[in-house]
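To start, the structure itself, in structure tokens.
No value in this document is a laboratory result; all are computed from the given coordinates. Because the structure is predicted, anything quoted here is derived from the model rather than measured. In this analysis, Cβ positions are derived from the backbone assuming ideal geometry, glycine residues included, and neighbour counts consider all displayed protein chains.
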Amino acid sequence: MAYGDIVDVQDKHHATYREKNGVITVSRAAVLKNGHVNHLDNEKNLSQLTTVTAYDNAGLYIGTTGNVCVLLSQQSDIIVSGTNSSGNTTLLDDTKSFTTQNDRTDFIQKLDVVLNTTANTAFFVKAVLAATSIQCMNASFSTDSTAFSGTSQNYEVYRATLFENVPAGTFLPFSVDRVFAFATTADEIVAVY
């Protein structure tokens, strides 16, 4: 598969685009993380970053071995959001059902990413304990006792994808909207679009 096969067809990035055989080709790149900068963000998609010019629907070059936690372009919508009723290692929201949505059961999954947008922290879903309760864990996959330090903290849940142990020099030919600072241990990350 060529990289041009996975970028969107809308010409959002520049006035004149390169086209060959009906496929838009790569024309830009942005360093997201290396030894000098770190533009990864838990709450912003690539196009929302103000510290670097990048765009959603990017592929990723990974220069140093590690984990990469991303939102794929077709999965970048918020699954559920709200305000917690209480919690510590758990997210409790009495106004939501984490097990059903539009007649779909078990719609929150293990390793979905929970963002505490009040504290700007992120956690993995360890388990759905009940319809209104999610147990959280940190990036090392152990229960974290500080997911929610009190009540009335805002949260968002995303269907993130964690690529573990990505070898150095790998190009991930996936359309990515966000690279989470949370759980991303790889370095020398370049967005290519």
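Details
- As a proxy for reagent exposure, F98, F171 were ordered by neighbouring Cβ count within 10 angstrom, fewest first; the result is F171, F98.
- Simple spin-label estimate for S140 and S27 in nanometres, 7 Å along Cα-Cβ: 4.6
- Convex hull volume per residue, computed on the Cα atoms of region 47-193, equals 109 Å³.
- One chain, two ends: V37 and Q74. Fully extended at 0.36 nm per residue, the span grows by 10.6 nm beyond their Cα-Cα distance.
- Pairwise label distance in nanometres, L111 with A131, each label 7 Å out on the Cα-Cβ vector: 2.9
- Semi-axis lengths, Å, region 80-158, gyration tensor of Cα atoms, sqrt of 5 times eigenvalues: 18, 14, 10
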